[in-house]
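**Q** Right, I'll just put the structure down here and ask away after.
The values are calculated or read from the model by the stated rules, or taken from the named source; none is laboratory data. None of the values given here were measured: they were computed from a predicted structure. As a convention, Cβ positions derive from the backbone with ideal geometry for all residues, glycine included, and neighbour counts pool all protein chains shown. All accessible areas refer to the heavy atoms of the entire protein, side chains included, with ligands and DNA or RNA removed. Shrake-Rupley method; radii C 1.70, N 1.55, O 1.52, S 1.80 Å.
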Amino acid sequence: MEPAKYVLEMIDINKEFPGVKALDNVQFRLKPGTVHALMGENGAGKSTLMKCLFGIYKKDSGTILMEGEPVDLTDPRDALDNGVAMVHQELNQVLRRNVMENVWLGRFPLKRGLVDHKKMYEGTKEIFEDLDIDVDPREMIGRLSVSQRQMVEIAKAVSYDAKILVLDEPTSSLTDEEVNHLFRILEKLCDNGVGIVYISHRIDEILRISSEVTILRDGKWVATRDSANITTDEIITLMVNRDMENRFPPKVNKPGDVLMECKGITGKYPPTCVDVSFELRKGEVLGVAGLVGSRRTELLNVLFGSMTLGEGEIILHGKPVKNSSPEQAKKNHFALITEERRSTGLFPEMNIIFNSTISNIRAYLRGFLLTDKMMAKDTAKVIDDLRVRTPNQKARIKNLSGGNQQKVIIGRWLLMEPEVLLLDEPTRGIDVGAKYEIYQLILDLAAQDKGIIMVSSEMPELLGICDRILVMSNGRLSGILERGVHFGDIEGEQETIMRLAAKYV
Amino acid sequence: MEIEKRVGNKNIGEFLINNALYFILGAILVTVVSIKPSFATLTNFINIIKQASTKGILALGCAGLIVIAGTDLSIGRVLGLSAAVTASLVQSVTYASRMYPQMTQQINLLIPLFLSIAIAVIFSLINGFGVAKLHLHAFIVSLGTQLIAYGLTCIYIEMQPSGSAQALSTFNDNFLNKAAGSFSIGNVKIPYVMIYFLICAFIMHIIWNKTKLGKDMFAVGGNPEAAKVSGVNVVKTIMLVYLVAGIYYGLAAFLEAARVQSVGANTGINYELDAISACVIGGVSFSGGVGTVIGVVIGSIILQAINYSLYFLSINAYLQYIIKGLIIIIAVAIDVRKYLEKR
């Protein structure tokens, strides 16, 4: 018999959530031994489509064929048993258990009815050696860095020896080196005939690794093209249905006088940032670049008082300030927008009013009671100023897209009129269109004379909107780059950053 | 050099916190002995463990439920029902107002044991079904089942031929010997119940650490979504954990009937609070996914050591409550230190 042309066909898939048509007659066909990229803005239906395949969601209608045979995978167990493995966007791991238990969860090797720890350990070691991953299988998974956890998830999915491997944003926390490593693994799998579905927002990655691209928009299939015959701009146009001449808005801000001076900032509990000194000007967007583990997040947290300052001094408007707690930092007009906004910034079950006003709730007190009217007014301001797309103020924030959630969180802090804005990966996991709006917002804020420090792992966005870039390496400052001198249409700018980022590693 | 020293100090601190349970237990015993040296006898220590045993078995059962981020308010009342059924079947055949006058010969003890376990398992599975399938919070569903169990207990006890609601008592010797008796090693009397407790703890330790069920249980408790997408049958895991809990409750009820020697409508009342306290003192986290069997065992013993010591020191009964409350809070506060990260 001739082998099936497609290892997976998803035909006319429909899925409706209350109030939203998440998938509308979507088509997707995956050839064996190839990487097929699935692209689209957040909310376009990529993850939903794959969750229908993996049995997490139940499709309303449509047909799924695997190697030409119709299948109906009802739950993840079923999917795994039928040769579909998936790396989920949310790192679904049991943090308090060790690495090998997470890898073997759902299929523990047994010996005389009991779990065979030796086999588990050796099996994990073998998988890791095979994939060149340097992680101790006995380590508690919560102690690993996010990038290590992501690699463990990938290794786990690979170890199922599946016919179809789905990767949903597998590289969001990986360094370039780790991405290269992942791609070598994927190429090897392709040679063995595995079909790979690759979801990512990073277009450069997609064009490198995939042979086909399918683009979804608003739950509908838009196009399937050969990766060789499509450009970044075309992809973006198809995704957002509008031309994106520039990925970055024009720079409207002008750095002015020194706003804040940081001298020898060192966190108290290592591993943390060590002896970091720099100045921040009014109206400046100061980027912070570095590899995963370069302690950029720690720097922001120490500045904000959510991690303890060991040594060093923060001088604001020429006067030393002490941010020994976030409350105090707030009083000193600092604001921090966290990287893990879902777990540390968002109250998912609460509405937009609550999420907009919670950090500044005292301002709405009249006597012992909160005044709804003022809260509604400020919420309206957040929605208008940041162009939050929501049916109304009372919508639960978990029902908004990632970009709109991010806007509400930024809006929350803006209501307190901060002078120093600390942004940790402000565009992580949000789609291209929303990214542009966030950039615009950052630059507008800088134009209003606010000082902005922005940590990002996406080099193009740092190069695109920052005035200066601090490069951190292993907790220390390894260099400060200036627009027009070191970067900004200057050849070798990315290499300069990479070199500095690796300085103390 | 200096760095090494710092690391050394940190390790000692960590060691103290990681083993806080043992130090707390030690501190309680040392305090009591220093107040009243006559406390330091083997009999007293055996008494503590003996008294900790029945509730310890309950704690072992409900610890699994807490690991899967649940709880169980029905333990005490379910124990009461199982104990009442046990009691009615082990009454001495020479006792005139026994519940079953037609019972003229002692029945095999395995029958009441089996029934006791079966009843507890049914209730536990109802709780499990409510949690796993109906998606009720364990607090709510067990709040309901404890009332049902209590009602059934009262009805059952009132079914005595005498028509009275007096406690079921006067058990046969065989039952009392097996369930509440002891054996001697030299001069030392070892209660059987202590051995049962240790066996139960050992079996639970194996279940938690060596079986698929145990691993799945920790996964479901620690991150249900991760468990689900890894192909773990979450519903089945929850049901099995409740099943095991039911078996332990049933066994504890059987032993408790022999210990109290008289089972009335209020037998078992508030036992769930002791079982849950023992678990949390022993480091089983209410947020799920964390706990050890040895912790639960030590937790049960600590709880009983507090009771026993306060009684031994003849402290005012009302004051005992207050001291016990404080010790529970302090013990758990110290124990959670090990999970707090310094930032």
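**Q** Could you compute Rg(Cα) / (2.2 N^0.38 Å) for chain A, with N its residue count?
**A** Normalised by 2.2 N^0.38 Å, the Cα Rg of chain A equals 1.02.
**Q** Using unit Cβ charges (K, R positive; D, E negative) and no other charged atoms, how large, in debye to the nearest 20, is the dipole of segment A:201-308 about its Cα centre?
**A** It works out to roughly 280 debye.
**Q** Debye calculation, C-alpha points only, no solvent: report log10 I(q)/I(0) for segment B:43-106 at q = 0.15 Å⁻¹, in the same order as the q values.
**A** -0.71
**Q** Here's something else I'd like to know. Packing-wise, with mean Cβ within 10 Å as the measure, how do A:397-404, A:369-376, A:471-478, B:199-206 rank, highest first?
**A** Per-residue Cβ counts within 10 Å, averaged per peptide and sorted highest first, yield A:471-478, A:397-404, B:199-206, A:369-376.
**Q** Give the long-range amide H neighbours of A:VAL455: residues separated by 5 or more places, or on another chain, with amide H under 5 Å away, using H modelled in the peptide plane at 1.01 Å from N.
**A** For A:VAL455, whose amide H was placed from the backbone, the distant partners under 5 Å are A:VAL288, A:LEU423, A:ASP424, A:GLU425.
**Q** Taking every residue in A:68-80, how many Cβ atoms of other protein chains lie within 10 Å of its Cβ, on average?
**A** Per-residue shielding by partner chains comes out at 2.
**Q** While we're looking at this one, here's another question. Go through segment A:87-94 residue by residue and turn each phi into a ³J(HN,Hα) via Karplus (6.51, -1.76, 1.60, θ = phi - 60°); whole Hz please, and just put x for glycine and proline.
**A** 9, 8, 4, 6, 5, 7, 9, 8
**Q** Between the chain alone and the structure with every protein chain in place, find the residues of segment B:229-252 that drop at least 10 Å² of accessible area; heavy atoms, 1.4 Å probe.
**A** In segment B:229-252, residues shielded by partner chains: B:VAL229, B:SER230, B:GLY231, B:VAL232.
**Q** Using a 1.4 angstrom probe, figure out how much accessible area the protein assembly as shown has per residue, in square angstrom, rounded to the nearest whole.
**A** For the protein assembly as shown, the solvent-accessible area averages 45 Å² per residue.
**Q** Name the residue from B:ALA40, B:ALA245, A:THR231 whose Cα lies farthest towards the positive end of the charge dipole of the protein assembly as shown, charges +1 on Cβ of Lys and Arg and -1 on Cβ of Asp and Glu.
**A** Positive-end residue among those listed: B:ALA40.
**Q** Next question, about the same structure. Which whole-Hz ³J(HN,Hα) couplings does segment A:285-292 yield from phi under the Karplus relation 6.51 cos²θ - 1.76 cosθ + 1.60, θ = phi - 60°, glycine and proline marked x?
**A** 9, 9, x, 10, 9, x, 7, 4
**Q** Using only the Cα atoms, work out Rg/Rh for segment B:214-275, with Rh taken as the Kirkwood radius, to two decimals.
**A** In segment B:214-275, Rg relative to Rh is 1.19.
**Q** For A:PHE487, which sequence-distant residues (separation of 5 or more, or a different chain) have an amide H within less than 5 Å of its own amide H, given hydrogens modelled in the peptide plane?
**A** A:GLU482
**Q** Another question about this same structure. Can you tell which of A:GLY68, A:THR496, A:ILE265 lies farthest toward the positive end of the dipole of chain A, using +1 and -1 charges on the Cβ of basic and acidic side chains (Lys, Arg; Asp, Glu)?
**A** Highest projection toward the positive end goes to A:ILE265.
**Q** Using per-residue counts of other Cβ atoms within 10 Å, averaged over each peptide, order A:289-297, B:316-324, B:266-274, B:248-256 from highest down.
**A** Order by mean packing, descending: B:248-256, A:289-297, B:266-274, B:316-324.
**Q** Could you work out what % of the accessible surface of chain A is carbon and sulfur, using a 1.4 angstrom probe and leaving DNA, RNA and ligands out of the count?
**A** 47
**Q** Can you name the helices of chain A, as whole DSSP H runs, whose Cα span along the helix axis is 24 Å or more and whose Kyte-Doolittle mean is not below -0.5?
**A** none
**Q** Strictly over 30 Å apart at the Cα level, which of B:LYS55/B:LYS338; A:LYS31/A:LYS111; A:LYS59/A:LYS381; A:LYS46/A:LYS188; A:LYS125/B:LYS133; A:LYS51/A:LYS381 would you flag in this model?
**A** Distance filter (> 30 Å) returns A:LYS31/A:LYS111; A:LYS59/A:LYS381; A:LYS125/B:LYS133; A:LYS51/A:LYS381.
**Q** I'd like the distance between the alpha-carbon centres of segment B:49-86 and segment A:260-321, rounded to an integer number of Å.
**A** Going from one Cα centre to the other spans 52 Å.
**Q** Then there's this: Taking θ as phi - 60°, what are the ³J(HN,Hα) couplings along segment A:66-71 by the Karplus curve (6.51, -1.76, 1.60), each to the nearest whole Hz, with x for Gly and Pro?
**A** Listing the rounded values in order: 10, 6, x, 9, x, 10 Hz.
**Q** Here's a follow-up. Could you list the square roots of 5 times each eigenvalue of the Cα gyration tensor of chain B, that is, the equivalent ellipsoid semi-axes, sorted largest first and rounded to whole Å?
**A** 36, 27, 17
**Q** Before anything else, pin down the relative contact order of segment A:465-505: Cα pairs under 8 Å, at least 6 apart, normalised by residue count, whole percent.
**A** 42
**Q** Give the residue from B:ALA275, B:ALA331, B:ASN209 lying farthest towards the positive end of the charge dipole for segment B:201-343; charges sit on Cβ (+1 for Lys and Arg, -1 for Asp and Glu) and the dipole is referred to the Cα centre.
**A** Value computed over the given set: B:ASN209.
**Q** Between B:ILE155 and B:ILE111, take the C-beta separation as r, use R0 = 22 Å, and let me know the FRET efficiency to the nearest 0.05.
**A** The value I calculate is 0.55.
**Q** Counting only protein heavy atoms, what percent of the accessible surface of segment B:53-268 is carbon or sulfur at a 1.4 Å probe?
**A** So the carbon and sulfur contribution to the accessible surface is 66 percent.
**Q** Determine the residues within segment B:199-215 where the difference in accessible area between the chain on its own and the full set of protein chains amounts to at least 10 Å²; count protein heavy atoms only and use a 1.4 Å probe.
**A** Residues meeting the cut-off: B:ILE206, B:ASN209, B:LYS210, B:THR211, B:LYS212, B:LYS215.
**Q** If you don't mind, another one. Checking an interface number: how much accessible area is buried between A and B, summed over both chains, with a 1.4 Å probe, in Å² rounded to 100?
**A** Between A and B, the summed buried area is about 2200 Å².
**Q** Antiparallel DSSP bridges in chain A: what percent, to the nearest 5?
**A** Beta bridges within chain A, antiparallel portion: roughly 55 percent.
**Q** Something else: With all pairs of different alpha carbon atoms counted, what Kirkwood hydrodynamic radius in Å does segment A:1-139 show?
**A** 17.4
**Q** Using Cα-Cα distances under 8 Å and only pairs 6 or more residues apart, what relative contact order does chain A have, in percent?
**A** Once normalised by length, the contact order is 15 percent.
**Q** Taking the Cα centre as origin and putting +1 on Lys and Arg beta-carbons and -1 on Asp and Glu beta-carbons, what dipole magnitude results for chain A, to the nearest 20 debye?
**A** For this selection, approximately 1860 debye.
**Q** Please give the contour-minus-distance gain from B:GLN102 to B:SER34: 0.36 nm per residue of separation, less the Cα-Cα distance, rounded to one decimal in nm.
**A** Result: 18.9 nm gained on full extension.
**Q** Pairs of alpha-carbon atoms within less than 8 angstrom and 6+ residues apart define the contacts here; what relative contact order does segment B:129-213 have, in percent?
**A** Dividing the mean separation by the residue count of segment B:129-213 yields 11 percent.
**Q** Something else about it: Can you list which of the chymotrypsin sites (Phe, Trp or Tyr not before Pro) found in segment A:306-399 are DSSP loop residues with at most 15 other C-beta atoms within 10 Å?
**A** Those satisfying the criteria are A:PHE368.
**Q** Where Rh is the Kirkwood radius over the Cα pairs of segment B:171-229, the temperature 4 °C and the viscosity 1.567 mPa s, what D in µm²/s does Stokes-Einstein return?
**A** Value of D from the Cα-based Kirkwood radius: 91 µm²/s.
**Q** Whole percent per 20 Å bin, from 0 to the bin with the longest distance: what is P(r) over all C-alpha pairs of the protein assembly as shown?
**A** Distribution as computed: 13, 37, 33, 14, 2, 0 percent.
**Q** A further question follows. Just report the Cα centroid separation between segment A:403-460 and segment A:208-228, whole Å.
**A** After rounding, the separation between the Cα centres reads 29 Å.
**Q** What does segment A:116-206 give for Rg and for Dmax, in Å, if only its C-alpha atoms count?
**A** Just the Cα atoms of segment A:116-206 yield Rg and Dmax of 13.3, 43 Å.
**Q** Looking at chain B, do any whole DSSP H helices span at least 27 angstrom along their long axis by alpha carbon and average 1.0 or above on Kyte-Doolittle, and which?
**A** B:42-67, B:110-132, B:138-158, B:234-260, B:293-312, B:317-336
**Q** Same structure, new question: Using a 10 Å cut-off on Cβ to Cβ distances, tally the other chain neighbours for every residue of B:67-77 and report the average as a whole number.
**A** Mean partner shielding for this stretch: 0.
**Q** Can I ask one more? In what sequence, highest mean first, do A:64-75, B:123-134 appear when ranked by Cβ atoms within 10 angstrom?
**A** Packing order, densest peptide first, comes out as B:123-134, A:64-75.
**Q** Could you work out, residue by residue across A:92-101, how many beta carbons of other chains sit within 10 Å of that residue's beta carbon, and then give the average as an integer?
**A** Mean inter-chain Cβ contacts per residue within 10 Å come to 6.
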